[in-house]
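The values are calculated or read from the model by the stated rules, or taken from the named source; none is laboratory data. Just so it is clear, the structure is predicted and the values come from calculations on it, not from any experiment. Glycine gets a Cβ as well: all are built from the backbone with ideal geometry, and neighbour counts include every protein chain shown.
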Amino acid sequence: MSNLDSFREETRQWLEQNAPPAFLGRGGGGELEGPWGGRRWKFSSDAEKQWLDVMGERGWTAPTWPSEYGGGGLSPAEAKVLAQLLRELKLPRPLIGFGLTMIGPTLLQFGNEEQKRLHLPRIVRGEIRWCQGYSEPNAGSDLASLQARGVVDGDHMTVSGTKVWTSYADECDWIFALVRTKPEATKKQDGISFVLIDMEDPGVSVKPIKLISGSSPFCETHFTDVKVPLANVVNGLHNGWTVAKALLGHERSMIADAFGGVVSSDRARGGGLQDMARRYLGGGDGPLEDAVTRDAIAQVEMDTRAFTLTVQRTRDAAKAGHKPGPESSIFKLYGTELNKRRYELQIKIAGPQSLGWEGPGYEDAELQRTRDWLRSRGNSIEGGTSEIQLNVIAKRVLGLPD
Amino acid sequence: MQIVLTEDQELLAKTAADFAAEHSPIKRVRDLRDSNDPLGYSRALWKQMAELGWVGIPFPEAVGGAGMGLAELAVVLEALGRSLVPEPFLSTVLLAGEAISRHGDDAVRAEWLPRIVRGEAVMACAYPETTSRYALSQVATRCEAAGSGFRITGEKSHVLDAAGCDGFLVSARSAGADNDPQGIELFAVSADAPGVEIVGQTRVDHRNCAIVRLQGVEVAGDARVGAPGRGHTVLEDVVDRATVGLCAEMLGGMSRAFEMTLAHLKEREQFGAPIGSFQALKHRAAELFVEIELVRSCVMAAARAVDAEASDARKLVSLAKARCSDAFVLAGNEGVQMFGGVGMTDEYDIGFYLKRARVAEMTFGDAAYHRSRWAQLSGY
Ligand SMILES: Cc1cc2nc3c(=O)[nH]c(=O)nc-3n(C[C@H](O)[C@H](O)[C@H](O)COP(=O)(O)OP(=O)(O)OC[C@H]3O[C@@H](n4cnc5c(N)ncnc54)[C@H](O)[C@@H]3O)c2cc1C
C-alpha cells in the first residue's frame with residue numbers, strides 16, 4: 001500500500017470516528033456555507049461546534065498550512081485526498097471565512113514569524129474572524145487613492161478614516177486594512193501600509209448598511225485615532241500595496257471557487273434549472289415545451305460546464321508542472337457573470353412566484369431565491385468589478401496599451 | 001480524465017505548427033482560390049501528411065495506422081486550422097475512414113484503409129441532402145436489392161471533399177419514411193462507378209465541396225458498411241468524431257484570427273493613440289479572449305471523452321461544437337469590425353477567417369442545434 005493509500009485509510013477512519021454522527025452524510029455546501037467562527041459566532045448546533053473543534057485541533061480546517069502555525073501540514077496530494085473524503089462522506093465544511101481564504105495565505109507569504117505564530121493558529125481553530133478594510137467612500141475601483149491615514153509615532157501609528165462596504169465588520173474580531181502612511185509619496189501606490197487592527201481597540205466603530213436584498217452583511221467602519229503597534233504592519237511600512245494586490249488575487253480565486261460550489265450545491269438541493277422548469281412551466285416528461293426556456297437552460301448549463309472544465313484544465317496543468325497560464329485570469333469575471341445569469345434565469349422561470357419579498361403566497365425557498373438573486377447582483381462588484389477584471393485582462397494578459 | 005497535453009502531444013503540436021508555417025501559410029489558401037484549383041487542396045501535400053503519420057493517427061496499426069486517438073489528431077488539426085489548411089482530414093479520416101475502420105467488414109477495410117492511410121485514396125462521406133439540414137436520419141436517397149447487391153438512386157449535396165475523390169460512402173434508404181432513423185444503409189462506392197456524377201459546389205470558404213448524383217448506381221452486397229438498416233448509428237458515431245476534429249480546427253482558426261486582431265489593435269493609430277488603448281475595444285478583446293479560453297477547455301475535454309468512451313462524451317461534443325460555432329463566428333465578426341475598412345477588403349486575410357467560421361459553424365450542426373441536443377441528452 002502506498003503512503004497515500006494508507007493516509008486515505010487512516011483519514012477515513014479518523015473522520016468516521018470524529019465527525020459528529022449527525023453530520024456524516026449531511027452534504028457539503030459551497031465555499032460560503034458553514035460556520036465563520038470568531039468570538040461572536042453563534043453555533044447553530046452542538047455538532048457544528050464539535051466538528052470545528054476536532055478539525056481545528058487537527059489543523060484540517062487549513063490542511064496545507066504548516067503545522068507549526070496550527071495547520072494540517074499536509075502535502076497537496078494528501079490535502080486532495082482529504083477533500084475527496086470529505087465529499088465522499090458528505091461532510092460539511094468545518095469552517096469558512098476570510099481568515100482561511102484571504103489573510104491567512106497572505107500572512108504565510110508576507111507575514112513575519114511573530115505575526116504568523118500569533119494569527120494563523122487562531123484562524124485555524126476558528127477563534128478569530130477577520131474582515132477586509134480596503135474600500136472607502138472615494139476609493140473603490142481606484143483603490144490606490146484611499147485616504148485613511150496612519151500617522152507613525154515611535155513604535156505605533158495612529159489610524160483615522162472611514163472604510164466602507166466592510167463585509168461582516170459587525171461580527172468580526174480583527175480587520176486587515178490599507179492606510180496611507182506616506183502622503184508625500186509621488187506615486188499613490190507607494191505610500192500605503194497593510195495593517196492588522198483589533199476591532200476591540202478604542203476608536204474602532206462600525207455601522208451596518210442594508211443591502212437591496214434586505215440583509216445587512218456589510219458596514220461602514222470608522223477609525224478615530226486608533227493606536228496600532230507597528231508590529232502589526234505586514235511587509236514593512238509603506239510597502240502595503242504589494243501585499244494588498246496579492247490578497248486580492250486570493251480573494252478573486254476564492255470568489256471564483258465559490259461559484260463552482262454554488263452550482264454544485266444548487267444541484268444537490270434539487271434546485272436545478274430543469275426541475276424548476278418542469279415545476280413552473282408544466283408539460284410532460286419529454287422535451288420542455290417552452291423552446292426559448294429550454295435553449296436558455298441549455299446555454300447556462302453548458303456555460304457552467306465550460307467554466308468548470310476550464311478550472312479543471314488549470315488544475316491539471318498545474319499538477320503536470322506547468323506555470324499558471326492566462327486562463328486563470330478569467331475565473332472571477334466569468335464565474336460571477338455566470339452566477340448572475342443563472343439567478344436571472346431562475347427568476348424568469350419562476351415568474352410571478354419570484355416576486356415575493358415576504359409573507360403569504362410564497363414558499364420559503366421562493367422567498368430565499370428572490371433574496372439570493374438580489375444578492376447575486378453584487379458578485380460582479382465585490383472583489384473588483386467585472387469592468388476592472390476586463391481592464392486587467394486587456395492590460396496584463398493581452399498587453400493592450402493604456 | 002486529465003485536460004492537459006502530454007509531452008508527446010506537445011511535440012506533435014510543434015511539428016504540425018512548423019509544417020503549416022513552411023508548407024501552408026494562409027497565402028496558400030488564397031492562391032488555391034484565385035487559381036480556381038479544382039481540388040482546393042493538394043494531393044502531394046496530403047501524401048506528405050500521410051508520410052508524417054497524421055492521416056493514420058486514429059487507425060489501427062494493422063492497416064498502417066498509429067492506433068492513437070482524437071486527442072492526438074485534434075492537436076494536429078488545431079495547428080493546421082490556424083492557417084486554414086484545407087486538406088481532407090474530416091472527410092477521408094474522420095468520416096469515411098473511421099466509418100470503415102470501426103464498422104466495416106474485412107473486405108471493405110482491406111479495399112480502402114491501407115490506401116487511405118498511405119495518402120493515396122481520398123474518400124468523401126455523402127450523407128447530407130439539400131433538405132436534411134443537420135439531421136442524419138433525413139435520407140431520401142433510396143436503394144433497392146439488385147442481384148446480390150443494391151442499386152442506389154438519389155442526390156447528395158454539401159458533400160465535403162467529394163470533387164476529385166477516389167470513392168465515397170453514401171447513405172441510402174432501404175426502408176421507412178424519409179426521416180426514419182431505421183432503414184438507412186451505408187455503402188462504399190468508387191467515384192468512377194457508372195451512374196455517379198459529381199458536380200463541384202462553390203461555397204464562401206472555397207473549400208472542396210460537391211453535389212453527388214447517383215442514377216441507378218450498382219454496388220456489391222459486401223460494399224455495405226455497418227449492420228443492415230443501421231447506417232444511422234454508424235453516422236452518429238463518425239459525425240461526432242468528425243465534429244471534434246472540426247472543433248479543433250476551429251479553435252486554431254479563431255485563435256489565429258484573434259491574434260491578428262490583437263496585433264492590429266496595437267499597431268493601428270487613430271486620435272494619436274493605438275486603437276487598442278480605447279476601452280470599448282479593450283473590453284471586447286478581453287471578452288473574446290475569455291470565450292476562446294473556454295473553447296479550448298471544451299475541445300480538449302470532448303476529444304478525451306470520446307477517446308475514453310465516457311458516458312457523457314456526446315454531451316461534451318455538443319458543448320464543444322456549440323461553443324466553437326459561436327466563438328469562431330464572433331472572432332471573425334469582431335476581427336473585421338476592429339480592422340475597420342481594410343477588414344472588408346479581399347486583400348486582408350481576416351475575411352478568410354470570417355468566411356471559414358460561417359461554413360464551419362454550419363457543418364455538423366450550429367450552436368442552437370447542439371444546445372438542443374445537449375438538452376435532449378440531459379433529459380429535457
Ligand atoms: C456585497 C459587497 C461586499 C463587499 N465587501 C467588501 C469588503 O469586505 N471590504 C472592502 O474593502 N470592500 C468590499 N466591497 C467593496 C467593493 O470592493 C467595491 O464596491 C468595488 O471595488 C467597486 O468600488 P465602488 O463601489 O466604489 O464603485 P466604483 O469604483 O465607483 O465603480 C462604479 C462603476 O464604474 C465602473 N468603473 C470604475 N472604474 C472604471 C474603469 N477604470 N474602467 C471602467 N469602468 C470603471 C465600475 O466597474 C462600476 O461599474 C464590497 C462590495 C459589495 C457589493
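Output the residues belonging to the range B:1-12 that are more than 14 Å from chain A (Cβ to nearest Cβ) and surrounded by fewer than 18 Cβ atoms within 10 Å (Cβ to Cβ). Outline the logic, then answer.
Within the range B:1-12, the subset more than 14 Å from chain A (Cβ to nearest Cβ) is B:11-12.
Within the range B:1-12, just B:Leu11 meets the criteria.
Out of A:Leu143, A:Leu95, A:Leu100, A:Leu89, report the one residue that is modelled with pLDDT of 95 or more and more than 16 Å from the ligand (Cβ to nearest atom).
Within the list A:Leu143, A:Leu95, A:Leu100, A:Leu89, the selection yields A:Leu95.
What single numbered condition from (1) within 14 Å of chain A (Cβ to nearest Cβ); (2) buried (at least 21 other Cβ atoms within 10 Å of the Cβ); (3) within 21 Å of A:Thr308 (Cβ to Cβ) fails to hold for B:Val306?
(1)
Test each condition in (1) more than 16 Å from the ligand (Cβ to nearest atom); (2) surrounded by fewer than 19 Cβ atoms within 10 Å (Cβ to Cβ); (3) of a type outside the set (D, E, K, R) for A:Ser328 and report the one that comes out false.
Going through (1) more than 16 Å from the ligand (Cβ to nearest atom); (2) surrounded by fewer than 19 Cβ atoms within 10 Å (Cβ to Cβ); (3) of a type outside the set (D, E, K, R) one by one, A:Ser328 breaks only (2).
Of the residues A:Ala62, A:Ala83, which is in a helix (DSSP H, G or I) and aliphatic (A, V, I, L, M)?
A:Ala83
In contact with an Asp or Glu (Cβ under 6 Å, 6 or more places away or on another chain), within 12 Å of the ligand (Cβ to nearest atom) and under 28 Å from A:Thr370 (Cα atoms): is that true of A:Cys219 in this structure?
Criteria met by A:Cys219.
The conditions are (1) in a helix (DSSP H, G or I); (2) within 16 Å of the ligand (Cβ to nearest atom), and A:Gly384 fails exactly one of them. Which is it?
(1)
Out of all the residues in the range B:271-299, which are more than 7 Å from chain A (Cβ to nearest Cβ) and aromatic (Phe, Trp, Tyr)?
Within the range B:271-299, B:Phe271, B:Phe278 meet the criteria.
With the range B:134-174 as the region, which strands (runs of 3 or more DSSP E) entirely inside it contain at least 1 residues that are surrounded by fewer than 17 Cβ atoms within 10 Å (Cβ to Cβ)?
Per the criteria, B:142-146, B:149-160.
Report whether or not B:Ala44 is among the hydrophobic types (A, V, I, L, M, F, W, C), under 19 Å from B:Pro88 (Cα atoms) and touching a residue at least 40 places away in the same chain (Cβ under 8 Å).
no
Among the listed residues A:Glu113, A:Glu136, which satisfies the condition of being without any contact (Cβ under 8 Å) to a residue 40 or more places away in the chain and either within 16 Å of the chain's Cα centre (by Cα) or near the ligand (Cβ under 9 Å from one of its atoms) (or both)?
Among A:Glu113, A:Glu136, only A:Glu136 is without any contact (Cβ under 8 Å) to a residue 40 or more places away in the chain and either within 16 Å of the chain's Cα centre (by Cα) or near the ligand (Cβ under 9 Å from one of its atoms) (or both).
One residue is enough: does the range A:91-105 have a residue meeting the conditions over 21 Å from A:Ala258 (Cβ atoms), in a loop (DSSP other than H, G, I, E, B) and not small (Gly, Ala, Ser)?
Checked the range A:91-105: no residue is over 21 Å from A:Ala258 (Cβ atoms), in a loop (DSSP other than H, G, I, E, B) and not small (Gly, Ala, Ser).
Does B:Leu319 count as within 11 Å of another protein chain (Cβ to nearest Cβ) and either within 21 Å of B:Met260 (Cα to Cα) or not in a helix (DSSP H, G or I) (or both)?
no
In the range A:176-220, what residues are closer than 16 Å to A:Thr166 by Cβ and in a loop (DSSP other than H, G, I, E, B)?
A:Met199, A:Glu200, A:Asp201, A:Gly203, A:Lys210, A:Leu211, A:Ser215, A:Ser216, A:Pro217
I want to confirm something. Restricting to the range A:390-402 and keeping residues that are in contact (Cβ under 8 Å) with a residue 24 or more places away in the chain and within 8 Å of another protein chain (Cβ to nearest Cβ), which single residue is farthest from the ligand (Cβ to nearest atom)?
Top of the filtered list is A:Val397.
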